[in-house]
Structures are given as structure tokens and as C-alpha cells.
Amino acid sequence: MGISEEIVNRIKSNIKVHNDGISVHEPSFLNSNASKYLCECIDSGWVSSSGKWVTKFEELIHEFTGSKYVVVVSNGTNALKLSLYMVGVRANDEVFIPPLSFVATANAVSHLGAIPHFIDIEPKSLGMCPLALEKRLNKIAIKKNNLVFNKYTGRRISAVVPVHVFGLPAKIVEIKRICSNWGLPLVEDAAEALGSSVFHNKQKIHCGCLGDFGTLSFNGNKIITTGGGGAILTSNYESFKLAKHISTTAKLNHPWDFFHDQIAWNDRLPNINAALGVSQIEMLEEKLSLKRDLYCKYKQIFEDLKEVEILEESENSESNYWLITLRLKGSNHNTLKNEILRYAHKLKIYLRPSWILLNELPMYENAESGDLKEANNQSNRLINLPSSPQLVSKL
Ligand SMILES: *Cc1c(COP(=O)(O)O)cnc(C)c1O
């Protein structure tokens, strides 16, 4: 038996594959209040743009993450777009993002007319590399009137957006230090990292809470879901008020008049989605604990295979293990990756490789970019394993 079959069989022995097969992450509403809250919401008639579940969901996210203020929105992409707008990203600016991310990170930049500028990752967390960031800034950036410009393109560099990939916290403390030195706004894409934290100055800080803004996603494949949804985290009261205002058509409070004081978006999370969200966040602690069990199981079953390793959280950080990732260590990783995926899919185990690097997609291939050596090295080594918490229990 070849090594690819060996790997897939070990995965198979660890999980239950149901008839439709198994994906890397599936939602679960078992043993939750989902139906109850949804019925309550429907019976009340308040299914749309306002209602008590929105406020309740925001409160629970605030309690769980420790973020001072929370605005829930229609999805994670819009959460990013709004956060970038809030820190001042405008058309023709450049925004630093890593190439190893879901396409939404780059799209949110583009939706504002700004241009992604790719910064390399580091291999441990797969997140933006602080050294690469610093090096790139030293090479191309110049400060003028407290703003940062790319001296080669003449464009303003208006934000840095690290991503907490697969739930593994990026080196966010180091990145924040560099951003502070340059006076650059920091927006954390924590779409995949609800339940992940870093330890800093003996404090546990939830991912998304160190930056000027942090964003979450509640898409169907994330650790908890509202069907579709997202959230913005910030510790600044004025930013919070304005973000809420802009995400809700910028309408001034008035019993009957439709007075809107600026061009704004309709990015609200509907009350019915928030009701589902409340039932999901109530299960979050349990999901996190089951995920850690699943991670330990995978770690154990691959311990003796020298060809692969299971990615683990960096020092001083705690991962939610949203997706548990296998890394192929050898030099023939590309062939091996394809063999593993082919064999697994035949058995209806729908393993997924990591994303194609964003700078290789047609719309971003001409974007600005630093040296992407590590991203190129890593991108074909990564395979995400079935990671739903219900794989270890009947959640
Ligand atoms: C899911 C995700 C998003 C976007 O969230 P949506 O809710 O799907 O719009 C953004 N960034 C990353 C890294 C994601 O995984």
C-alpha cells in the first residue's frame, strides 16, 4: 500500500463517513435551541432588519470575545469591507494582505476600489510574516504627513490585514508593533478564528481584538453559523457607532422621516439569522472542546509518519482548530497531495487542499507583491481534514 492510501485509511479509521460523504466542516444544530429560537422569531413576525435577537447575539459575541463593541452584519466579506472603510481605506490605496487566504480578503479590498499588496507568510501559523512585513515596508514605504505611501507606485498604503488561517492565530502582537511604528491601521481577518486567542502581557486576547478592527464570519462552513453572517469587533465607541450607522443605511433616528446623512450600505444581519446565531454561540464552548479532542486524535494517528505533520498552534496562542491541517513534509509533496485527494474523494472523504494563492488568481495576478517564497513553498503542502466537532460526539 502506498503512502497516500495509508494516510487516507488512517483518516477514515478516525471518523464516521455517512452516505453522502464527509466534508471538512459541516454545520450542526443537534442538541441546540435552534428550532426553538427560530420558531419564536418567526412567531413574533420580527424576522428582518431589527429585533431582539440581533442585540442578544451581539451581546453574546461581546461576552465571548471580550471585544468592547460588536456589530453583526450580513457576512464576513462585508464585515471586512466595512472595517477597511472605517480605518480609511479608499479607492486607489494599497492594502497589505497575505496571499494565503480565502478570496474574500482580497475582494473586500477591491470592493472599495483599493488594491491588494501581498506580503509573505511564515510557516508555523501560516499567517502574515512580521519580518516580511517589516522588510517590505522598509523597502518600499515612505512616511509623509503621517501617512504611508508606496514610493514606487505613489499610492497610499492604508491598512494591514493579517488573516488567522484555519483558526491558527497569526503573529499578531509582532504585526501590531510594526503597524504602530508606521502608524498603519490594523484590521484582523478573524473569519475563521472565533474561539482562538493569543497571550500577551499575561492576558488572553481573542483574535480580532488587537487590531483597530477585527472581523468574524458565520458562513455555513465556519465554527458557528447563522446561515450567512459576520461581525465587526472594535474597542472604539465612536468607530462602533459609525460602523453600525453605515451598515444600516445611515438613517437618523426619527419616528417617520427617512433622513439618511451619507451614502451607506444595507449590511444588517437579519433578526432570523441572529436567532440562529444565538443558538449556535450557546454551543461554542462545547464545540471548541470537541475540536481539541479531534485535533489530539489526529495528532496521535499521524505521530509515527515522518512524511506528514498536523499543524499546531504557535507558542503563546490558542487555536480553535477550525480546520485541522495535514502538512506534507517531503519534496514530492505536489504529487502526493494529488494522490491523497484523489483517493480520499473516491471514498467520499472530501478533503480540501489549501486555497490557490490569491496572487495566482486572474484578477490579482498583477497586484503588487513582496517576495512570496514561503507562501509558494507552503501552498501545495496543506490538506484540510474533516474537522467538524460532531465527528467526535453526537453534538
Ligand atoms: C469565510 C472567510 C471570509 C468571508 O466570510 P463570508 O462570511 O463567507 O463572506 C473572509 N476571510 C476568510 C479568511 C474566510 O475564511
Would you mind stating whether Glu315 is free of Cβ contacts under 8 Å to residues at least 12 places away in the same chain, out of contact with any Ser or Thr (no Cβ under 6 Å at 6 or more places or on another chain), among the acidic types (Asp, Glu) and not in a loop (DSSP other than H, G, I, E, B)?
-> no
Test: residue in the stretch 287-306 that is more than 22 Å from the chain's Cα centre (by Cα) and polar (S, T, N, Q) | yes
Filter pass, Ile142 being surrounded by fewer than 24 Cβ atoms within 10 Å (Cβ to Cβ) and in a strand (DSSP E or B) | yes
Give me the pairs, please: first residue somewhere in the stretch 155-170 and in a strand (DSSP E or B), second residue anywhere and modelled with pLDDT of 95 or more and within 10 Å of the ligand (Cβ to nearest atom), beta-carbon distance under 7 Å, and either six or more positions apart or on two chains.
-> Val163/Pro98; Val163/Ser101; Val163/Thr105; Val163/Asp189
Any idea which residue in the stretch 36-54 is surrounded by the fewest Cβ atoms within 10 Å (Cβ to Cβ), counting only those that are assigned to a helix (DSSP H, G or I) and without any contact (Cβ under 8 Å) to a residue 24 or more places away in the chain?
-> Asp43
How many residues does the stretch 17-49 contain that are out of contact with any strand residue (DSSP E or B) (no Cβ under 8 Å at 6 or more places or on another chain) and closer than 30 Å to Asn236 by Cβ?
-> 2
Determine which member of the set Lys337, Lys348 is surrounded by 13 or more Cβ atoms within 10 Å (Cβ to Cβ) and on the phi > 0 side of the Ramachandran plot.
-> Lys348
Residues (crowded, with 24+ Cβ neighbours inside 10 Å and over 12 Å from His117 (Cβ atoms)) located in the stretch 90-103 | Leu100, Ser101
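The values are calculated or read from the model by the stated rules, or taken from the named source; none is laboratory data. Everything quoted here is computed from the prediction, not taken from an experiment. Glycine gets a Cβ as well: all are built from the backbone with ideal geometry, and neighbour counts include every protein chain shown.
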